[in-house]
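Structure, as structure tokens:
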Amino acid sequence: MLEAYVDALAYMAGNPITFVLIAASVVWGIAFGAVPGLTGIVGVALLIPFTFLFDPTEGLLLLAGVYVGSTFGGSISAILFNTPGSPEAACTALDGYPMAKRGEAGKALGIALASSAIGGVFGTIVLMLLAPPMAQLALQFGPAEYFALAVLGITAIASIGSGSILKGLVAGLLGLAVATVGLDPITGMPRYTFGSSELLTGIGFVPAIIGVFALAEVLQRVSESDRSADAITNVSTKLPSLAEFMATRYTLLRSSALGSFIGALPGVGATTAAFISYSEAVRWSRRPERFGTGEPEGIAAPESANNAAVGGSMIPLLALGIPGSATTAVMLGGLTIHGIVPGPLLMQQNPILVFSVFIGMMLANLLMLVIGIRAARYFALVLRAPYALVGPAIVVMCMTGVYAINSNVADIAIMLAFGVVGFGLRRLGYPIACFIIGLVLGPIAEVSLRQGLILSDRDFVEILTRPIAGTLLLLSVLSLLYGIYGQYRRKNGGQGLGSANPAPPAAKVRAGGEGT
Amino acid sequence: MLNAIKAAGLAATGIAALAVGAAQAQDYPSSPIEVIHEYGPGGGTDRFIRAIGEPFETITGAALVPISIQGGGGIPAYANFQQRPADGYTLLAISPDQVINHALGRIDMGELMPLARVQYDQGLFLVPADSPFETIEELIEAAKADPGSLKVGITGSAGFDDTVIGLWNLETGAELTSVPFGSAEMVSNTLGGQVDLMHEEYGPARGLIESGDLRPLVVFSEERLPVLPDVPTAVELGFDVTLGRWRALAMHDTADPAQAAVLFDAIAEAAQTESYKKFEEDSALQYRSVVLGPEEFQAFIDKEIAVYTDVLEQLGYVQ
């Protein structure tokens, strides 16, 4: 093992280009992550032809660096513009943007960056030390377990929101309902498409969240008569102090562990990891009502989880040759074209490749800290421009980005429609978090439940009695009850009786920042 | 009279178009050609376009750029292709999935000009290392004893894999229940023992076959694969199941035949290059993959349409 690391290091030292590639790919990745619609997958796919210029190890290092960078990059635009640059950053916008609006953009970016690096390093360490056993553990997760995991995440909507349980449930169910549009995943029959071939692909998650967040925000800003809303001024990225860091240590640890494991599950990646971690952060918090109003843990949880999931999703790729996420699926394709046969023997046949990637990912995560501070600063320059220019630019960027993902004009229409939906939800006080949790986790729950039922010959009891699935489902029921109880208590307790918008937490309101 | 004028006009236009086409064919292709496909980036079709695209670019100077438009059973990808001009700079990657969509009445293959069939893959049934089934006969016996109890992992729903399993069930009577997954989950659920077996081509499963984690039981081809000499074909067992996934390129039916000829020559040459041959061998694609030109390929497609329509009718998908 140690010998393999020495060999890999010797290889990298002998090919200094590897270090250049890692640095360049992190920058490229952050840029792709930060621009709405240009996701990490696009960033990796675009670089595949360039990997032909290098040997397979150098090529894979290039792709892994992009993956690491893009997963953090999405948080920059999520925090500064309420526009998740990539789907895995959707949760980050929920608390990052309110924090930025409070005048603490720099702090929010700092938390995102530090959490990303911690999660990323954690995930890489798990990858280095535990890849084969983790891959075996992931194989124990069948459809029933995926279903239970998704349900556990979905039940957190009972704890989210401040005041109205009903509104949270309505928003969550709306998300679940929207997720059913398109071809039935098992039978291939069209559902709720109303004869439109554009709706056959369903409501894409990326167009929907970009609409709900970015476009709705632009609409919101335009509709505000108060022109002093340009509160996001303090953007010099500040890493959290040790005290602030220690305050989120449990969240960081829990989210990193969850992220690494969920990343290792084939077919689900950083986005699911971020959502489940956010759900868990809300559930375990002593003040869940603050989530969505600019809670630091609401940034730390998804950001540490999605970066941990990067290392996690490399586990099945390198240990078994099965991609753990959509981005690693593209990497797998790239490896194959290079004549590398991914599979359990990869570690023995190509130790230098595997161990170089371990080292490279570690370096990429550390470099991300350095580059991330700079990158956020440059992005923040945009904020100096008047919103009359920035707003329309965001809309145009979102439209191009959404189209770029799948070259599908219908996605632009979906994005625009969901802008209106998001605007309406916010106006009426329905929690956006519940809506997008339903939208993201709903399809996973649906498909895996139906796969599970085929496997058990339509026997629900068999699913409930599987040890992991049963336990997770039991926890879901308990947390649902506890969440509803907590909401009930908060509503009838002292603060904010019947109010849909309680005062934000007692944060320091900076001069120039808006009060509520 | 009017008709005669019309005919003359059409003929003149046709000649003019041919003349222009011939002139254009001189410097065609002069910019990258986009290849639309309905599968994910990194999948078999995406890899096929990239692998053939590399020598193709060396030969013609123009790159082949895969454009992935996923989901919706391939209809959005097809619709996108149809909306683009027939100027020779957009191709469609086609496979049995288009034939199935044609048989189901969702698209019309007559709107396509077949260009070249490059790959012709062969599927396998694979079981995990700890499976009780050592041979295909044992599996058939178990499936016949309790029809539908064995679960086979497939990719996609109501597509190529489903049709192969349907044909297998009809031919053998050893009924299997198919469970659609994404390709990664299909493998993990097979290795983890959630399903009893899976249907996959040799290339993507090669790493796990070589490590012994997956055991191939039967191959759907006319002849045994030289890399897997001990694995019988379904034909040997008396079952006519040879449906394989082929990967090919098509143009608009109104495309310029001169351009088609240029493209076909370049693709046929690219398929003979060393880099592509190496790729083919790595994926065990070399056994049935004879490059078919436009005419032979059209005949092949007509035959495939007949076969798939028949199977889908027997399965009750087509009335």
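Data for the structure
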{"item": "Amide H contacts of B:Gly123 (H built 1.01 Å from N, under 5 Å, at least 5 apart or other chain)", "result": "B:Phe220, B:Arg245"}
{"item": "Two-decimal Rg/Rh across segment B:40-140, once Rg and the Kirkwood Rh are taken from alpha-carbon atoms", "result": "1.08"}
{"item": "Added length on full extension, which subtracts the Cα-Cα distance from 0.36 nm per residue, A:Leu381 to A:Leu9", "result": "130.1 nm"}
{"item": "A:Arg287-A:Glu224 FRET efficiency (beta carbon distance; Förster radius 25 Å; 0.05 resolution)", "result": "0.35"}
{"item": "In Å, descending, principal axis extents of the Cα set of segment A:279-382", "result": "51, 35, 20"}
{"item": "Peptide B:33-43, shielding by other chains (average Cβ, 10 Å cutoff)", "result": "4"}
{"item": "Relative intensity, log₁₀ I(q)/I(0), of segment A:193-314 from a Debye sum that treats every alpha carbon as a point, q = 0.09 Å⁻¹", "result": "-0.37"}
{"item": "Leading residue at positive end of dipole, the protein assembly as shown (Cβ point charges), from A:Phe261, A:Leu441, A:Thr248", "result": "A:Thr248"}
{"item": "Value of Rg/Rh across segment B:240-283 [Cα atoms, Kirkwood radius]", "result": "1.10"}
{"item": "Cα gyration tensor category, rounded, prolate or oblate, for segment B:41-95 with a/c compared to 1.5", "result": "oblate"}
{"item": "Segment A:110-160 - Rg (one decimal) and Dmax (whole number), Cα, Å", "result": "15.0, 38"}
{"item": "Number of partner chain Cβ atoms within 10 Å, mean per residue of B:206-218", "result": "4"}
{"item": "Space enclosed by the convex hull of the alpha-carbon atoms of the protein assembly as shown, per residue, Å³", "result": "175"}
{"item": "Global geometry of segment B:161-251, whether rounded, prolate or oblate, following the gyration tensor of its Cα atoms and the 1.5 cut on a/c", "result": "rounded"}
{"item": "Set of lysines near A:Lys491 by C-alpha distance (under 18 Å), chain-local residues within fewer than 8 positions excluded", "result": "A:Lys167"}
{"item": "For q = 0.16, 0.21 Å⁻¹, Debye-computed log10 I/I(0) when each Cα of segment A:100-251 counts as one equal scatterer", "result": "-1.34, -1.29"}
{"item": "Euclidean distance of C-alpha centroids, segment A:384-432 and segment B:237-255, integer Å", "result": "41"}
{"item": "Cα gyration tensor, segment B:199-319 - rounded (a/c under 1.5), prolate or oblate", "result": "oblate"}
{"item": "Largest to smallest accessible area among B:Asp265, A:Asp184, B:Asp108 [probe 1.4 Å]", "result": "B:Asp265, B:Asp108, A:Asp184"}
{"item": "Cα centre as origin, Lys/Arg/Asp/Glu Cβ charges: segment B:171-224 dipole, Debye", "result": "160"}
{"item": "For q = 0.12, 0.13, 0.21, 0.22 Å⁻¹, Debye-computed log10 I/I(0) when each Cα of segment A:332-441 counts as one equal scatterer", "result": "-0.85, -0.93, -1.12, -1.15"}
{"item": "Helical contribution to [θ] at 222 nm, DSSP H n ≥ 4, -39,500 (n - 2.57), averaged over the protein assembly as shown, rounded to 500", "result": "-19500 deg cm²/dmol"}
{"item": "Within 10 Å of each Cβ in A:260-267, the average number of Cβ atoms from other chains", "result": "3"}
{"item": "Whole-Hz couplings from phi, Karplus 6.51/-1.76/1.60, listed for segment B:128-138; x for Gly and Pro", "result": "x, 4, 8, 5, x, 8, 8, 10, 5, 4, 4"}
{"item": "Convex hull of chain B built on C-alpha atoms - directionally averaged projected area, nm²", "result": "17.9"}
{"item": "Most positive-pole-ward Cα, A:Pro431, A:Pro467, A:Thr272, against dipole of the protein assembly as shown from beta carbon charges", "result": "A:Pro431"}
{"item": "Inter-site label distance for B:Glu141 and A:Leu481 at 7 Å from Cα along Cβ, in nm", "result": "5.1"}
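The values are calculated or read from the model by the stated rules, or taken from the named source; none is laboratory data. All of these numbers come straight from a predicted model, not from anything done at the bench. Virtual Cβ from ideal backbone geometry, glycine too; neighbours counted across all protein chains shown. For accessibility, only protein heavy atoms count, side chains too; no ligands or nucleic acids. Shrake-Rupley method; radii C 1.70, N 1.55, O 1.52, S 1.80 Å.
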